[in-house]
Amino acid sequence: MNTVLVWERDKPILQAGDTVERARLLFSECNCSEIPVVEGGVCIGVVSEVGLTEREDKDLLQASDCKEFVAIDPKAPMARVWAMLLDRLSSCAVIIGDSGKCTGYITFQELVRFYRRVLGSGEANCLIVLKMRRHDGSLARMCSLAEDADCKVLSCFVVESCDLENVFINLDLFCEQPEQLIKSMERHEVEIARILCDAAVDDALQERLNLLMSYLNV
């Protein structure tokens, strides 16, 4: 499965010189945390919701607000995009056409929705991604740790990292108290690469997770 079949067309995109207020509106509208910024059709980087925290609404977006972006081909395999975003600690990949210009972008949230449709884990409310050395990664053991923390594993899959030395173990869960699972992974010295809970289901839960992840410096 390649990217061109999954990404949502015509998502709003930011232009150099747009206001910070517009960026914040798009973060909310698109339910994403990073959006590309283009100038003359060429991507100059991505801005993040967190990165604009200290900026005023009336401020104009500048190149200094942008960070390096993940560039992908429209036909890049889905698993490859998943691994690139995790390896690069990014939440969106910019699709670059043959002309070298930005033709759109795909977000990590879109990838999650795609995999949930394919794997049939529609009732999941939490995705946790673990990064482990290839030979240390045990899918069965990680699922067991999740079950021990009262989390129901609805689906799971493994994706190789881009460096081929590590793997990402992805657990899609129904979990009312994911904090317990996070603390368990920390005790077992398992690296958490990403955690994403459905804020639409429980905003308070996502806020608690953000605070806990910040405390653990994950």
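No value in this document is a laboratory result; all are computed from the given coordinates. Here the structure is a predicted model, which is why all the values come from computation and not from measurement. Please note: Cβ atoms are built from the backbone with ideal geometry, for glycine as well, and neighbour counts cover all protein chains shown.
Tabulated data
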quantity: Trypsin sites (Lys or Arg not before Pro) lying in DSSP loop within the stretch 1-80, provided at most 13 other Cβ fall within 10 Å; calculated: R9, K58, K75
quantity: Computed over the stretch 1-138, the ratio Rg/Rh where both radii use C-alpha atoms and Rh is Kirkwood; calculated: 0.99
quantity: Cleavage-rule hits (GluC sites (Glu not before Pro)) in the stretch 119-166: DSSP loop, at most 16 neighbouring Cβ within 10 angstrom; calculated: E123, E165
